[in-house]
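The values are calculated or read from the model by the stated rules, or taken from the named source; none is laboratory data. Just so you know, these numbers come straight off a predicted model, no measurement behind them. As a convention, Cβ positions derive from the backbone with ideal geometry for all residues, glycine included, and neighbour counts pool all protein chains shown.
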Amino acid sequence: DQGLKIDPGEVQAFISYWKNQGIGPDAVPVGGAESQALRRAYRTYQDLLRAQRAVDFDDLLLLPLEIFRDHDDARLYWQERFHYILVDEYQDTNPVQFELLRVLAARRPNLTVVGDDDQAIYGWRGAKVELILRFEEHFPGARVVLLEENYRSTATVLDAAHAVVARIPGRRPKKLWTRAGPGRPLGWIEAADGADEAEQVASVILAERFRRRRPWSDFAVLYRTNAQSRPFEEVFRSHGIPHRVVGGTRFYDRKEVRDLLAYLKAVVNPRDEASLVRIANVPKRGLGPRTLLLLQERARQTGRTLRQVLREGEGLTGHARAGARALTEILDRFGRRFREEGLTASGLRDLIDEAGLRAEVEATYRSPKVVARRMEILD
């Protein structure tokens, strides 16, 4: 767009931020060429969502708020549905969540929120800490209860934490205390980056291991995000420190689960192009990335859905044509079945088998143990 180079992840972050502020494409402030391009991308993104009858995560809040504003009957129904409302982690509330809450709680003063402005960490994705700081202003008559006794930490830890958060401007005055006693003194290191941090931790582990003959099982490294494990894994491997990562991939992030969910989405929504692209070649049907790009372009040019183009097999030959026909037959058949019977366990098992997802697992992994574990996920 006008020679601009904008990272897709950056565009997605802007769109998510605007949605969290309740800002639609037409209300995006426009300045230079980049902001104009971002607004056009936002509008195109929304058009694509509508074309596929899809919503993104942020729409799950924004669209109900729009419904409540435009439809009195829907707003009154849900206001009567919830007589008591409890919100946790209120310091991480964004403007759309706040407006949604204010609408739902408008008829009854039975609202309780729990939060700590000192723990506000999601400003980067649109949360506004001032919403908890101004709670009594937004909801007159509210009573504030300070929960200052801590049951997990020692006094030394709490004092150190307080020395940091006490410098935050505009915070609510409070000081945590505990009956647990002072505890052990704090220890910390200063590291230049993640690799340096991992090297220093490895040095401590090796020193303790050989000086005090402590077993490897005495050591653990805790980290907040999975991405932080990589430097430790690399450094531990280079120093010969045996280790294993506990936790790993979350259930819904596993390939088999994501493939099955994509099949279900494609069955239910014939316009869901993203899900259809994911499963088109799972298992292999001769519908690789290049073929799918050509089919997507043909669908756009002719005003059809990708599913319709696949069903007709236009421009496909041999294995790819047969694969496209088999895929659309599966999706059509299970679409009818789920509409008639609902989503049942037997229907789900049949979809897994007929789609070839078990065969896909066997073809993807070599280790019999890994195959067995992955099969358990599908079972």
Region 132-159, subset in contact with an Asp or Glu (Cβ under 8 Å, 6 or more places away or on another chain) and without any contact (Cβ under 8 Å) to a residue 40 or more places away in the chain, residue farthest from residue 121 (Cα to Cα)
142
Residue check for residue 374: farther than 21 Å from residue 253 by Cβ and buried (at least 16 other Cβ atoms within 10 Å of the Cβ)
no
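Within the group 96, 114, 87, 129, which residue is under 22 Å from residue 167 (Cβ atoms), in contact with a helix residue (DSSP H, G or I) (Cβ under 9 Å, 6 or more places away or on another chain) and among the β-branched types (Val, Ile, Thr)? Full working, then the answer.
Values: 96 fails: under 22 Å from residue 167 (Cβ atoms); 114 fails: under 22 Å from residue 167 (Cβ atoms); 87 fails: under 22 Å from residue 167 (Cβ atoms).
Every option except 129 fails the conditions.
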What number of residues within region 1-48 are exposed (fewer than 13 other Cβ atoms within 10 Å of the Cβ), within 18 Å of residue 63 (Cα to Cα) and either among the hydrophobic types (A, V, I, L, M, F, W, C) or in contact with a Leu (Cβ under 8 Å, 6 or more places away or on another chain) (or both)?
2
Of (1) free of Cβ contacts under 8 Å to residues at least 24 places away in the same chain; (2) of a type in the set (D, E, K, R); (3) more than 28 Å from residue 58 (Cβ to Cβ), residue 174 fails just (1)
Among the residues of region 255-288, which ones are of a type outside the set (Asp, Glu) and either part of a loop (DSSP other than H, G, I, E, B) or not assigned by TED's automatic domain parsing to the domain that holds residue 357 (or both)?
269, 270, 271, 280, 281, 282, 283, 284, 285, 286, 287, 288
Every residue in region 313-340 that is exposed (fewer than 15 other Cβ atoms within 10 Å of the Cβ), assigned to a helix (DSSP H, G or I) and either acidic (Asp, Glu) or in contact with a Leu (Cβ under 8 Å, 6 or more places away or on another chain) (or both), please.
329, 332, 340
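Between 171, 179, 213, which is in a loop (DSSP other than H, G, I, E, B), out of contact with any His (no Cβ under 7 Å at 6 or more places or on another chain) and surrounded by 13 or more Cβ atoms within 10 Å (Cβ to Cβ)?
Values: 179 fails: surrounded by 13 or more Cβ atoms within 10 Å (Cβ to Cβ); 213 fails: surrounded by 13 or more Cβ atoms within 10 Å (Cβ to Cβ).
Testing whether each residue is in a loop (DSSP other than H, G, I, E, B), out of contact with any His (no Cβ under 7 Å at 6 or more places or on another chain) and surrounded by 13 or more Cβ atoms within 10 Å (Cβ to Cβ) leaves just 171.
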Within region 116-152, work out how many residues are more than 21 Å from residue 62 (Cα to Cα), touching a strand residue (DSSP E or B) at 6+ places or on another chain (Cβ under 8 Å) and buried (at least 18 other Cβ atoms within 10 Å of the Cβ).
1
Restricting the first residue to region 13-40 and requiring it to be of a type in the set (A, V, I, L, M), which pairs with a second residue that is in a helix (DSSP H, G or I) and at pLDDT below 90 meet a Cβ separation below 7 Å and a spacing of at least six or different chains?
30/36
Out of all the residues in region 50-69, is one or more over 21 Å from the mean Cα position of the chain (by Cα) and farther than 26 Å from residue 269 by Cβ?
yes
Just one of 157, 221, 164 is surrounded by 13 or more Cβ atoms within 10 Å (Cβ to Cβ) and assigned to a helix (DSSP H, G or I); which is it?
157
Please specify each residue of region 349-359 satisfying the condition of being in contact (Cβ under 8 Å) with a residue 12 or more places away in the chain, under 15 Å from residue 376 (Cβ atoms) and not β-branched (Val, Ile, Thr).
357, 358
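Quick check on residue 50: is it outside the structural domain of residue 275 (by TED's automatic domain parsing) and in contact with a helix residue (DSSP H, G or I) (Cβ under 9 Å, 6 or more places away or on another chain)? It would help to see each step written out before you state the result.
Numbers: outside the structural domain of residue 275 (by TED's automatic domain parsing): yes; in contact with a helix residue (DSSP H, G or I) (Cβ under 9 Å, 6 or more places away or on another chain): no.
No: the conditions fail for residue 50.
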